[in-house]
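Visitor: Could you have a look at this structure, given as structure tokens, before my questions?
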Ligand code: NDP
């Protein structure tokens, strides 16, 4: 088992599939108590059963990160259930790629509401508690698209650049409170992320990348690495990509 992890309580948004699910499963196997949030409760219930069956400890909470009361509820539920929160993992996100000229206003809104405002609400929900406790850790999932822009990724990249800006600003501001901040920037990872793309051109483009995708376990291991450092060590950012990815 990884040192420094056992007994910690981690809140994970977007835990119902892909990267969030892999993080939850791996952390639970390392003795971390996990509090799982997402909109699909059937998936969360299934994951909770699986974790419990494997000897782990998990609770679930219906969470829509675009609603701040909902994210506050996730934190409150975790405190009520487990008595503490050590790590807030803001992972929930959507990637609805298309060219700007397609004018997909609803998809732009969904990405901004989920990827940007959702992370802000996650920060807002846990920060007062971390501040009062003088200890805490935010792990915010950005992307390689938070470092680069490609055709069809303008809005998605804008939200992921913003996640890195928010996280860096947070890192600078919360020093007095002994709070750590980690940005996780994955490359192409196996998950359900591309399934929601509706634009045919973008769909075709991502199909060409699927072959190189690596397991979401790689991201789970990176999260565990950042979490397992002693409290005076802050792993500020990690980029994890397939060796084959340009
Ligand atoms: P998935 O689509 O498999 O998972 C996305 C998760 O986010 C789901 O659990 C989904 O749950 C949740 N989610 C979406 N909208 C909301 C919402 N409004 N409220 C609560 N939860 C929500 O994709 P990934 O696992 O790949 O994505 C996880 C993160 O990783 C995202 O932020 C993504 O941008 C990022 N990322 C992924 C990469 C990849 O290649 N896969 C690369 C770089 C970054 P539900 O639908 O049940 O609410």
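Visitor: Could you list, ordered by first residue, the pairs with Cβ atoms under 9 Å in which the first is in the range 140-152 and without any contact (Cβ under 8 Å) to a residue 12 or more places away in the chain and the second is part of a loop (DSSP other than H, G, I, E, B) and more than 7 Å from the ligand (Cβ to nearest atom), at least 6 apart or interchain?
Guide: 150/97
Visitor: If you go through the range 197-220, how many residues are crowded, with 16+ Cβ neighbours inside 10 Å and in contact (Cβ under 8 Å) with a residue 40 or more places away in the chain?
Guide: Final tally of qualifying residues: 8.
Visitor: Are any residues in the range 43-61 under 26 Å from residue 109 (Cα atoms) and more than 9 Å from the ligand (Cβ to nearest atom), and if so, which ones?
Guide: Matches in the range 43-61: 61 only.
Visitor: Could you say which residue among 8, 1 is in contact with a helix residue (DSSP H, G or I) (Cβ under 9 Å, 6 or more places away or on another chain), more than 14 Å from the ligand (Cβ to nearest atom) and at pLDDT below 95?
Guide: Sole residue among the options that is in contact with a helix residue (DSSP H, G or I) (Cβ under 9 Å, 6 or more places away or on another chain), more than 14 Å from the ligand (Cβ to nearest atom) and at pLDDT below 95: 1.
Visitor: Could you tell me whether residue 184 is within 10 Å of the ligand (Cβ to nearest atom), outside any helix (DSSP H, G or I), within 21 Å of residue 240 (Cβ to Cβ) and in contact with a strand residue (DSSP E or B) (Cβ under 6 Å, 6 or more places away or on another chain)?
Guide: Yes: the conditions hold for residue 184.
Visitor: Further question on the same structure: Go through the range 195-217 and report how many residues are over 12 Å from residue 98 (Cα atoms) and out of contact with any strand residue (DSSP E or B) (no Cβ under 8 Å at 6 or more places or on another chain).
Guide: So the count comes out to 8.
Visitor: Could you tell me whether the range 164-172 includes any residue that is in contact (Cβ under 8 Å) with a residue 40 or more places away in the chain, more than 11 Å from the ligand (Cβ to nearest atom) and out of contact with any strand residue (DSSP E or B) (no Cβ under 8 Å at 6 or more places or on another chain)?
Guide: Checked the range 164-172: no residue is in contact (Cβ under 8 Å) with a residue 40 or more places away in the chain, more than 11 Å from the ligand (Cβ to nearest atom) and out of contact with any strand residue (DSSP E or B) (no Cβ under 8 Å at 6 or more places or on another chain).
Visitor: Follow-up. Suppose we filter the range 16-36 for residues that are near the ligand (Cβ under 6 Å from one of its atoms) and either part of a helix (DSSP H, G or I) or buried (at least 24 other Cβ atoms within 10 Å of the Cβ) (or both); how many remain?
Guide: Residues meeting the conditions: 4.
Visitor: Does the range 95-113 include one or more residues that are within 30 Å of residue 175 (Cβ to Cβ) and without any contact (Cβ under 8 Å) to a residue 60 or more places away in the chain?
Guide: yes
Visitor: Among the listed residues 229, 172, identify the single one that is over 18 Å from the mean Cα position of the chain (by Cα) and under 12 Å from residue 137 (Cβ atoms).
Guide: 229
Visitor: Would you check which residues across the range 191-246 are touching a helix residue (DSSP H, G or I) at 6+ places or on another chain (Cβ under 7 Å), in a loop (DSSP other than H, G, I, E, B), under 19 Å from residue 145 (Cα atoms) and more than 9 Å from the ligand (Cβ to nearest atom) and list them?
Guide: Those that are touching a helix residue (DSSP H, G or I) at 6+ places or on another chain (Cβ under 7 Å), in a loop (DSSP other than H, G, I, E, B), under 19 Å from residue 145 (Cα atoms) and more than 9 Å from the ligand (Cβ to nearest atom): 197, 199, 236, 242, 244, 245.
The values are calculated or read from the model by the stated rules, or taken from the named source; none is laboratory data. Predicted model only: the values in this text are computed from it and were never measured. Methodologically, a virtual Cβ is constructed for each residue, glycine included, from the backbone with ideal geometry; neighbour enumeration extends over all protein chains shown.
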